[in-house]
Each structure stands twice: as C-alpha cells, then as structure tokens.
Amino acid sequence: MFVEVVRLFIVLIATAGGFALGRGPEGAEAGNGAVVGATLGALTGYVVGGFFGRLLNQVKRVAERRIDEVPAHRVLAGAVGSILLGVLAGVVSVPAALLVPAPYGWFGVGLCTWAGVLQGFGIGARKSDQLLAMAGLSSRPLVRASPYGSEEQEAVVMDTSAVIDGRLLGLARAGFLKGALLVPRFVLDELQAIADAQDPNRRRRGRRGLEMLEAMQHQSGIEVHVLDDEVPEHEEVDAKLVALARRLKANLLTVDEPLQRVAELQGVRCLSLRRLADGVRPVHVPGEVVLVPITREGKEPGQGVGFLDDGTMVVVGDAAPMVGREIEVRITSNVQTSMGRMLFASLAPPSVNA
C-alpha cells in the first residue's frame, strides 16, 4: 500500500509537469502536445514512482527495525531532547539569519534547527536513565500486580530474608502460599551477592535461597515472577521493597522485623514467617509436664537449657547435672521475647515420673 501511494503521488506530479511542458508558453491553448506531454509524464512517473516507492519502503522498514531495537524510554527521552534543543537552536539562529539575505538566512535557520534536533535526540537517548530518575520515574517497565493478584489471593513481594529462610518451601508445599510470588530483580542481585560471599555460612544460605526459588517455580499452585522494575528514587534495598509493594498494592513477605515495622507504618500489609511460626507453636501452660532433652547449662548456677521440637527454649532449674539426658519437667511460666517464646520449668516430682 505504501508503494502504491508513493507511486500515485509521483505520477500526479509527473503528469502535471508533462502537461505544462507540452502545452508550451503560458496562456497557450492545450493541444496535442499537452496530451502527449501528460501521457509521457504519467508513464515516466509510473516507472520512477515504483522505484522510489520500493526504495522508501525499504528505508521505512529499516527505520522501524532500528526503532524496535531501541528501548521505549530512550525514544521518549530522545524525542523530548530533540524538540527542546531543536526549538532552542532555531530561536538562537533567527537573529543571525536576519543579517543574511533571505534565501540563505532561512536556509541557515533550517540547518541549525535540524542539527539541534539530531543533537538533542542523541543527548536525550544517552541520558535517558538519569533524566527519568530526576523526574522520579523508572527506566524499566513497571510490572503491575493486577495480572497476578486477584480478589481471593493477593500478590506477594518477597524480600531476601524470606527467600533464604528454609521454612518458605515447606509452607508452599503445605498449601499456605498460593497465587503469585513476586521477586524483584534487586533482591535476586542481593541474593547472588550472598551466594558468592567469602563467608561459608552466608554462601550456603544464598545458594539455598536460589535452589528454593528454583524448586518453587516447579511447585503446582504457585507462580514465581521476577520483576525487572527498578525504584531509582531509593538506594537501600529495604526502601525499594516498601516503595515497590506500595506501588503494586501487594503484600510483603519477610522475616526481617525492622523492615516489617517500617513497612506497616507506611501502610503495607506484611506476612511475617516469624509471626506465623510463633502462632503455630503448641501453647504450653503452667503446670503442664513435657519431655525435654537438656543440651547445656544455663546462665544461672544450676540451670539447664533444652529445646522442644519446635525450637522453643526451655530453662529448667536444678537441671545442670542432667546435661545430655532427656527428662520430664513441669512448666512454671513463659515469657515472650523478641526472639520468640521462652519457657521456664522445674524438675517434675518423682510421683509424676513414676
């Protein structure tokens, strides 16, 4: 279609030109010469128009391919830069053009404007990331949560502490995590840095987190999406997570208590693995007798320390001589700390042991 339009346009121009040349001097009547000129012009325009139409079509396709390869944010920033610098160059060159004879002066104005457009596009495209960051925008497309979340199950943004936590995969397999789990690219970068750390423990945790993400991608009922969005207005990863969760209107899954407090103060709903673990632990009331292995001595003289199967620490009075043994103790009280619930107990009476 493009070739035919170009050809028709050139045929019309060539026909009009042949008619004018064949008619002769201005004011002469149109005779056989005008008809012959118009016919030759139309034929010439048809041939030349087809050639130029196909040539322009090829140029248009190459330009389209080049534009498709350039990111959208660079095209936008380049277009804005070309408009601003082109207008500025045109305005600045007008006074100089008035000092030159008319044809040459305005030709100089057009040349300066064209140079400003080209230079402005180049500067805007090269500095697109910085220019968008100054405007508080991201150079990467924002992945919206609406395609992932639903009324029944909202999307969840995961931070690094949740990814490297060993309990996350178990929760997913048990069916407590459903829907879309969103992993920002900067969280993956931080996870990769942990996996490459010099410290063996950090390196082991980072690699376990990467393996867990890979396993969750194959878990039925769960969709793991990597977000390529950046948050250039913040430098810290925690601040990026909170801002991204607010922008996407998604929940934040974390084990980091300070991050959770900051996020909740900003209106972000948090899913804490630590709170979940504390909530599903068995509640032991004072007077209950439980079986506890004593693993070490406590801080106070005579105390022994053991741990239940769920990880709850139990401090037992007068149990220091029984380190390495599993004994029955009676719960006397419990204390909730920042690290979780801690139980205090005493040795069970011999009648209970019997």
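The values are calculated or read from the model by the stated rules, or taken from the named source; none is laboratory data. Keep in mind the model is a prediction, meaning the values are calculated, not measured. Backbone-built Cβ (ideal geometry, glycine too); neighbour counts: all protein chains shown.
Just name the residue that is surrounded by the most Cβ atoms within 10 Å (Cβ to Cβ) out of those in the stretch 231-256 that are within 20 Å of residue 192 (Cβ to Cβ) and touching a Cys at 6+ places or on another chain (Cβ under 9 Å). Selected residue: 254.
Within the stretch 87-102, residues that are at pLDDT below 70 reach partners that are surrounded by 13 or more Cβ atoms within 10 Å (Cβ to Cβ) and not charged (D, E, K, R) with beta carbons closer than 7 Å, at six or more positions or on different chains, in the pairs 97/105; 97/106; 97/108; 97/109; 100/108.
When residue 175 is tested against (1) surrounded by fewer than 14 Cβ atoms within 10 Å (Cβ to Cβ); (2) touching a residue at least 24 places away in the same chain (Cβ under 8 Å); (3) farther than 30 Å from residue 337 by Cα, just one condition goes unmet, and that condition is (3). Of the residues that make up the stretch 326-336, is at least one among the basic types (Lys, Arg), assigned by TED's automatic domain parsing to the domain that holds residue 179 and surrounded by 15 or more Cβ atoms within 10 Å (Cβ to Cβ)? No, every residue in the stretch 326-336 fails to be among the basic types (Lys, Arg), assigned by TED's automatic domain parsing to the domain that holds residue 179 and surrounded by 15 or more Cβ atoms within 10 Å (Cβ to Cβ). Checked against the criterion of being modelled with pLDDT of 80 or more, basic (Lys, Arg) and either assigned to a helix (DSSP H, G or I) or within 31 Å of the chain's Cα centre (by Cα) (or both), the candidates 54, 74, 65 yield just one match: 54.
If we scan the stretch 250-261, do we find a residue that is small (Gly, Ala, Ser) and assigned to a helix (DSSP H, G or I)? The answer is no, given that none of the residues of the stretch 250-261 is small (Gly, Ala, Ser) and assigned to a helix (DSSP H, G or I). Scanning the stretch 301-314 for residues that are in contact (Cβ under 8 Å) with a residue 12 or more places away in the chain and in a loop (DSSP other than H, G, I, E, B) yields 301, 302, 303, 308, 310, 311, 312. Filtering the stretch 219-245 to residues that are charged (D, E, K, R) and part of a helix (DSSP H, G or I) leaves 238, 240. For the stretch 176-184, the condition holds for no residue, the condition being that it is more than 22 Å from the chain's Cα centre (by Cα) and assigned to a helix (DSSP H, G or I). Between 275, 207, 261, the distinction of being closer than 16 Å to residue 164 by Cα, among the basic types (Lys, Arg) and free of Cβ contacts under 8 Å to residues at least 60 places away in the same chain belongs to 207 only.
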